[in-house]
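Below: the structure, in structure tokens.
The values are calculated or read from the model by the stated rules, or taken from the named source; none is laboratory data. Keep in mind that this is a model prediction, so the values were computed, not measured. No Cβ is skipped: glycine too gets one built from the backbone with ideal geometry, and neighbour counts run over all protein chains shown.
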Amino acid sequence: MRRKVKNRNVVKPDFKYNSVILEQFVNYIMDSGKKNTARKVVYGALEEIKTELKHDNPLEVFEAAIRNAGPVAEVRSRRIGGATYQVPREVRPARKTSLAMRWIIGAAKAKKGMPMAKRLKEELIAASKNEGEAIKKRENTMKMAEANRAFAHFAW
């Protein structure tokens with residue numbers, strides 16, 4: 001019997017760029033319910049992207065970064081007859097974007113010695129150029145899936 005479909009939280013678009021994915025990103029950055037602080041960080045990073053790259057629409061750079069950082073396949077553990085196999089699976093689109101956001105934010109938080117907006121700006125620019133820590137994480141995930149391709153027949 002199948003599970004019930006989870007009711008997902010529908011996010012309204014943000015007020016400045018009218019983008020749903022950007023508001024989701026703000027929600028991922030938000031800590032302890034401080035949404036205004038999270039918005040200041042994200043909008044500050046986008047403004048810095050605008051000035052540094054002389055790009056009139058920093059949202060394009062942001063969306064390119066999210067698109068580039070998302071993995072196509074990942075491995076999931078599956079227990080079969082006493083042995084646990086790493087089974088490669090295709091990643092759903094919603095999970096792909098959430099993983100990309102999580103990895104970009106994690107890479108930005110790992111850097112030290114700068115304001116969060118600057119760290120986030122650097123990571124977004126790097127990810128939009130297929131560079132940086134989030135892209136390394138994606139590559140490692142893809143390598144794991146490729147290495148365990150022999151167990152793909154265990155996919156459920």
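Let me confirm something: among 121, 111, which residue is over 21 Å from residue 63 (Cβ atoms), of a type in the set (Lys, Arg) and touching a helix residue (DSSP H, G or I) at 6+ places or on another chain (Cβ under 6 Å)? Talk me through it step by step, then tell me what you get.
Numbers: 121 fails: over 21 Å from residue 63 (Cβ atoms).
Selected residue: 111, the only one of 121, 111 that is over 21 Å from residue 63 (Cβ atoms), of a type in the set (Lys, Arg) and touching a helix residue (DSSP H, G or I) at 6+ places or on another chain (Cβ under 6 Å).
Okay, residues lined up against (1) among the basic types (Lys, Arg); (2) surrounded by fewer than 20 Cβ atoms within 10 Å (Cβ to Cβ); (3) closer than 24 Å to residue 27 by Cα:
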{"position": "46", "(1), (2), (3)": "no, no, yes"}
{"position": "53", "(1), (2), (3)": "no, yes, no"}
{"position": "76", "(1), (2), (3)": "yes, yes, no"}
{"position": "89", "(1), (2), (3)": "yes, yes, no"}
{"position": "134", "(1), (2), (3)": "no, no, yes"}
{"position": "147", "(1), (2), (3)": "no, yes, no"}
**OP:** Mind counting the residues in the range 1-13 that are at pLDDT 90 or above and surrounded by 10 or more Cβ atoms within 10 Å (Cβ to Cβ)?
**Re:** 1
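Taking the range 55-64 as the region of interest, how many residues are free of Cβ contacts under 8 Å to residues at least 12 places away in the same chain and under 16 Å from residue 122 (Cα atoms)?
Step one: list which residues in the range 55-64 are free of Cβ contacts under 8 Å to residues at least 12 places away in the same chain, which gives 55-57, 60.
If we keep only those that are under 16 Å from residue 122 (Cα atoms) too, we end up with 55, 60.
Residues in the range 55-64 being free of Cβ contacts under 8 Å to residues at least 12 places away in the same chain and under 16 Å from residue 122 (Cα atoms): 2 in total.
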Original post:
Name the residues in the range 109-156 that are in a loop (DSSP other than H, G, I, E, B) and of a type in the set (A, V, I, L, M), would you?
Top reply: 114, 155
**OP:** Would you confirm whether any residue within the range 77-86 is farther than 21 Å from residue 13 by Cβ, in a helix (DSSP H, G or I) and in contact (Cβ under 8 Å) with a residue 40 or more places away in the chain?
**Re:** no
**OP:** Output the qualifying pairs, or none if there are none: Cβ atoms under 7 angstrom, residues six or more apart or on different chains, first residue in the range 101-119 and at negative phi and surrounded by fewer than 20 Cβ atoms within 10 Å (Cβ to Cβ), second residue of a type in the set (Gly, Ala, Ser) and part of a helix (DSSP H, G or I).
**Re:** 116/108; 117/44; 117/45
Subject >> Answer from 67, 92, 3 - the residue that is under 23 Å from residue 140 (Cβ atoms) and free of Cβ contacts under 8 Å to residues at least 24 places away in the same chain >> reply: 92
